[in-house]
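Undergrad: Below you'll find the structure I mean.
What follows is calculated from the coordinates using simple rules that are stated; it is not laboratory data. Note that the structure is predicted; figures quoted are calculated from it, not measured. Using ideal geometry, Cβ is built from the backbone for each residue, glycine included, and neighbour counts are taken over all protein chains shown.
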Amino acid sequence: MMSGALQHETVLLEAAVEALFCAPDGVYVDGTFGRGGHSQRILQWLNEQGRLLAFDKDAAAVRVALERFGADSRFEIVQRSFADLREVVEQRGLAGKLSGVLLDLGVSSPQLDDAQRGFSFVHDGPLDMRMNPQEGISAAQWLAEASEQEIADVIYRYGEERFSRRMAKAIVARRQVAPITGTLELAEIIKQANPAWEKHKHPATRAFQAIRIHVNRELEDLQSVLAQALDMLRPGGRLVVISFHSLEDRIVKQFINEQARGDDFPAGVPIPFADLNPRLRKLGKAVKADASEVAANPRSRSAIMRVAEKLA
């Protein structure tokens, strides 16, 4: 049982599963198990022939999955990035047979709220930020080794932070005195370097987000898994993606639009639409959490869901 501080409210739960579901006996992928909200609902929809394959980098999430659903023969979880989708699906002989792939991006509430994971700028903890602490380098290691230019570029690109250069300069100056190892220490450095605080937003929010995205290769993994998911889906299978960041949503939107448009031909060439080989069909418009969900779970405010269906 999770403590109240580490509970997780699943965003767009019903909307996502309803959009994903097209066959009760299908094979589905939950690319980000988190604490299992979406997985639980998918399993409730599946019949005895259905199957759910879940992914999560986080060992804590995998433990929760096994505790909750380990006895269900329809369920399996792997401690892998969803960027390994193709390999895992092919190993199970399911390539081109998936009925749906669900990706709920970003970090879960337990990861954000557990100070020991290093995501928080409110509670002190080791400066880690890795979703899988056994892989890659921590935020502390990266900040100790990266150049001032690289740090500034990451904070600007992934955090859309206009004071990224000031922040990078302050980080490099502090690390020359002593290594930066704690979250509150980094938050204070960034806060002091930020001359324009936004109302109701911690001045380190964008920088922490950017460093987390970089350390976990979140955007690279997203770009990789979208192409893989399209290949692994069966005709009529659904792709459902919930984004929490404008850069994530831009990648998803562009991918769906490109695959729905099909092959590029010179403007004015009279080519029938079917001959353009479109691979996806957009289903509806982007979906956001309604007022009642935002009131109950403020983190759902930035969520955007996009849905597409694979064509034959």
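Undergrad: Working out 0.36 nm times the residue gap between LYS199 and GLU150, then minus their Cα-Cα distance, what length gain in nm do you get to one decimal?
TA: So the chain would gain 14.8 nm between LYS199 and GLU150.
Undergrad: Under 8 Å for C-alpha pairs, at least 6 residues apart: give me the relative contact order for the chain, rounded to a whole percent.
TA: Relative contact order of the chain: 18 percent.
Undergrad: What is the gain in length, in nm to one decimal, between ALA227 and LYS285 on full extension, counting 0.36 nm per residue of separation less the C-alpha to C-alpha distance?
TA: Contour length minus Cα-Cα distance gives 18.8 nm.
Undergrad: Starting at the first residue of the range 133-149, write each ³J(HN,Hα) from the Karplus equation 6.51 cos²θ - 1.76 cosθ + 1.60 with θ = phi - 60°, in whole Hz, x for Gly and Pro.
TA: x, 8, 10, x, 10, 6, 4, 4, 5, 5, 5, 6, 10, 6, 6, 4, 4
Undergrad: Taking the 0 to 90 degree range and rounding to the nearest ten, how far is the long axis of helix 164-175 tilted relative to the main principal axis of the chain, both from C-alpha atoms?
TA: Computed tilt is about 60 degrees.
Undergrad: Hey, another quick one. Eigenvalues of the Cα gyration tensor times 5, then square-rooted: what semi-axes does that give for the chain, in whole angstrom, largest first?
TA: The equivalent ellipsoid of the chain has semi-axes of 35, 24, 18 Å.
Undergrad: Follow-up question, since we're still on this one. Compute the helix-to-body angle for 205-215: its Cα long axis versus the longest principal axis of the chain, expressed 0 to 90° and rounded to tens.
TA: In the chain, helix 205-215 runs at an angle near 60 degrees to the longest axis.
Undergrad: With all distinct Cα pairs included, what does the Kirkwood hydrodynamic radius of the range 132-215 come out to in Å, to one decimal, could you say?
TA: Kirkwood radius, the range 132-215: 12.7 Å.
Undergrad: Let me ask another. Could you check the spin-label model distance between VAL177 and LYS97? Points 7 Å from the Cα along Cα→Cβ, value in nm.
TA: Calculated label separation equals 6.0 nm.
Undergrad: Hey, another quick one. Quick one: work out Rg over Rh on the C-alpha atoms of the range 77-221, Rh as Kirkwood radius.
TA: Answer for the range 77-221: 1.04.
Undergrad: Still on this model: By per-residue mean of other Cβ atoms within 10 Å, what is the highest-first order of 60-70, 292-302?
TA: Final packing ranking: 60-70, 292-302.
Undergrad: Let me ask something else about it. Evaluate E = 1/(1 + (r/R0)^6) for ALA71 and ARG217, where r is the Cβ-Cβ distance and R0 equals 35 Å; express this FRET efficiency to the nearest 0.05.
TA: After rounding to 0.05, the efficiency reads 0.55.
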